[in-house]
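Here the structure comes first, spelled out in structure tokens, and everything after it is commentary.
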Amino acid sequence: MRIPNDERITLNLGQKRAFATLRTLSLTGGLVDFPAPMDEVTLAEVVLMTISGPVKALVEFMQAPRKSRPASRPFRFIAIDDNDYQRLNSTLQLMIKQGFGA
């Protein structure tokens, strides 16, 4: 689902942090835009601040589609606690009710 605002998120990339803008989000992953193209990063810890509370997860970055912007990176959740998953699900359901689409 498309994120209606420019939601800035922080990613922990081992010894450093990176900032990105969250563009889409689903129960399985999403898409972020970095300010500039990133090196080959594959894993990161993320905390999403949602209306249902913080959602902490480990994400894996996928190969960006060739047609996308160079700094766009899709990701998938590879480790997420049950409580965080429930908060993510609640947030997405609220967004659907508010008309942001599925």
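Computed with the Debye formula from one identical point scatterer per Cα of the chain, without solvent, the log10 of I(q)/I(0) at q = 0.13, 0.14 Å⁻¹ comes to -0.43, -0.50.
Taken about its Cα centre, the chain carries a charge dipole of roughly 360 debye when the Cβ of each Lys and Arg holds +1 and the Cβ of each Asp and Glu holds -1. Taking the longest Cα principal axis of the chain as reference, the axis of helix 82-97 is set at about 70 degrees. Taking the chain as a Gaussian network, Cα atoms linked when under 10 Å apart, which of GLY29, GLY14, GLY53 shows the biggest mean-square fluctuation? Largest GNM mean-square fluctuation: GLY14.
Reported to the nearest whole Å, the Cα centre-to-centre distance from region 81-101 to region 1-64 is 16. The ranking of PHE19, PHE75 by Cβ neighbour count inside 10 Å, starting from the fewest, reads PHE19, PHE75. With the simple model of a label 7 Å out from the Cα in the direction of the Cβ, GLU60 to ASP82 spans 2.4 nm.
Can you sort VAL47, VAL55 from fewest to most other Cβ atoms within 10 Å of each residue's own Cβ? Show your work: numbers first, answer last.
Values: VAL47 14, VAL55 23.
So the ranking, lowest neighbour count to highest, is VAL47, VAL55.
Values quoted throughout were computed directly from the atomic coordinates according to the rules given, and no laboratory measurement underlies them. Not measured: the values here are computed from a predicted model. Reconstructed Cβ throughout: ideal geometry from the backbone, glycine too, with neighbour counts over all protein chains shown.
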